[in-house]
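Since the structure comes first, as structure tokens, the remarks are kept for the end.
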Amino acid sequence: MKRSQKLAYKREFEASKKDGKPFFPYAVAHDLIVATATLGVVIAFAVIFRVEIGEPVNPATTDFVPRPEWYFFFLFELLKIFEGEDALTPVIMATFIVPNLLMVLLIIWPFIDRGPERRIWRRPVSVVTAIVVIFMLAYLTEEGANSPGGAVAADELEIPGIENFPEAEAGFELYLLNGCASCHMINGVGAPGPGPDLSKEGEKGRTDEWQIGHLKNPPEFVPGSSMPAFTNFTDQQYQELAVFLNGLGTDFN
Amino acid sequence: MSTEATPQDQEDRTARAAKDIGPTGPITKATDMTLEYVDERTKVVPDVKWMMFRKIPKETSWFQTLGFTALVIFAMQAVTGIVLAMFYKPDPATAFNSIEVITDEVTWGWLVRGMHKWGASAMVIVVFLHMGRVFFFGSYKYPRELTWVTGALLLVLTMFMALTGYLLIWDQKAYWATVVAVNITASAPILGPYVADILRAGPEFGPNTLSRFYSLHMLVIPGAIATLIGIHLYLIARLGISEPPYSKRLMKARREEEDARRRAAREQLPHGRKPVPAPGTTPQREPVTADGGGSS
């Protein structure tokens, strides 16, 4: 901003205060009314929607629904949008580049938009940017709220041909019991993300050792993976899961 | 902001004392004496008076109350959080049980926990709306850029508060959601793995992870938030509450400016160079000539 513009602003603000009113009681009264009403709403919510007690933590069971609170849905959905197979870049886009870029932009915004104009209709670029960002956040939050919470009905998922492979069938059982479907999708059943669609997993030509190692420590095999490590299966169970995964799209389905 | 009692103030006080207009009530007398006692020892009374009775623009919007509302919710979160901390045990073996005790046994415990939980959502919403108000009013512009920066940092810290608080419930949902959140952190390049190790208090989720999140949620982040709120409020008091850009006063001033500019343009005079004729007077026009001079 030019010096003259700064001075013009100061003059204008002084003028606005000249016929202004005192902070107390006018602003204080307004503030108290809105704050009290908001507190009332919070208390009403606390009374009407009672807090629940969930299940105690058990790191050994992996039957979980990794869903964040609603205000993180947009990040969660971002992860699904940039969902990648093995590629490192898309995951970093969602987990690192996009959120951090937005955060830095937000913090330094006054140094980007430095013009003196404050009227909405005279700041089309700023206002359109803000509206686009707000709509994106609203859309992603809405998507997150509507996405299946991982409680996928096991009987909905059918894998034709699996009954000929007893070991794979046992692996399938484990897949359903351990909440894998809350991040992965097979034949259109399960959550569309953050994990990749596994319908054609077998076609990737991975070895059973690869699958077992990946289950034990995902980031070692897929850099940037946010999948939790599954460390509590028996050797037998790991083998069954690996056979199941490598058969998807090849031996059955 | 006037920083100390000026000689003028002193004179006023002596003048008032000399011009004793009669008996004052005991309450007024006690208030005056207390104020005088405090002011002599702190020199803060004129500042507080200035702060409370300073002029703000005549037309302010109801949307300009959201900042104070966020402050009140922060205070509510602090109070309910303190109460919860009296019963909560940040240890993996007992954490879940202490949550059960708070919810089912402690008097009003369910209410305090419910307020804290819904307060977190209310905080995110109110802070977001507050930011939208500041954005659409253009209030982040000169001279309030740094107020915006502290506010944006407060929004980020609010999100961290929500993230760290979520784990403390120590149920399956919270646990696994946080495992994934920390895994996502670990996937970030360069610093990611180190930040994740710091959050987890080691390479794996363990007993220390819970106390670390507890410490972040109870001490580190609230401390940072309180400090930033202090700076934010100081800047707001110092710089004043901005006027909505659509206020009648501003619109009138802008209209007059615009009229003046149009009048000047009509006469093809550089704006501000020559005195603009008052509205109503017929502008003197040059005759239209072949080379275009004087035409509009």
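The values are calculated or read from the model by the stated rules, or taken from the named source; none is laboratory data. Keep in mind that this is a model prediction, so the values were computed, not measured. When we count neighbours, we look across all protein chains shown, and the Cβ atoms used for this are built from the backbone with ideal geometry, even at glycine. Surface areas here come from the heavy atoms of the whole protein model, side chains and all, with no ligands, DNA or RNA. Shrake-Rupley method; radii C 1.70, N 1.55, O 1.52, S 1.80 Å.
Remarks
- The residues of segment B:70-110 expose, per residue, 52 Å² of accessible area to a 1.4 Å probe.
- For the segment B:127-139, counting C-beta atoms of other chains within 10 Å of every residue's C-beta and taking the mean gives 3.
- Potential lengthening between A:LYS216 and A:ALA15 on full extension [0.36 nm per residue; Cα-Cα distance subtracted]: 65.5 nm
- Checking the Cα-Cα distances for A:LYS80/B:LYS89; A:LYS17/B:LYS29; A:LYS21/B:LYS49 against a 26 Å cut-off, the pairs over it are A:LYS80/B:LYS89; A:LYS17/B:LYS29.
- Net charge of neighbours whose Cβ lies under 15 Å from the Cβ of B:GLU204, counting Lys and Arg as +1 and Asp and Glu as -1: +1
- In segment B:104-142, chymotrypsin sites (Phe, Trp or Tyr not before Pro) in a DSSP loop with at most 11 other beta-carbon atoms within 10 Å: B:TRP108
- Computed from backbone phi with θ = phi - 60° and the Karplus coefficients 6.51, -1.76 and 1.60, the 3J(HN,Hα) list for segment A:202-217 is x, 6, 7, x, 8, 7, 4, 4, 4, 4, 5, x, 5, 5, 6, 8 Hz; x is used for glycine and proline.
- The protein assembly as shown: C-alpha pair distances exceeding 29 Å, %: 66
- Other protein chain Cβ atoms within 10 Å, averaged over every residue that makes up B:115-121: 6
- Amide H contacts of A:LYS21: B:ILE56, B:LYS58, each under 5 Å away and 5 or more positions distant or on a separate chain (H built 1.01 Å from N in the peptide plane; Pro and chain starts excluded).
- Rg in Å to one decimal, and Dmax rounded to a whole Å, for chain A via C-alpha atoms: 26.5, 86
- Averaged over the residues of B:85-94, the number of partner chain Cβ atoms lying within 10 Å of the residue Cβ comes to 0.
- Spin-label pair A:LEU177/B:ALA30, simplified geometry with 7 Å Cα→Cβ offset, distance in nm: 7.4
- Estimated from the Cβ-Cβ distance and a Förster radius of 22 angstrom, the FRET efficiency linking A:SER4 and B:GLU267 is about 0.40.
- From phi via Karplus (6.51, -1.76, 1.60), per-residue ³J(HN,Hα) for segment B:223-232 in Hz, x at Gly/Pro: x, 5, 5, 4, 4, 5, 4, x, 5, 4
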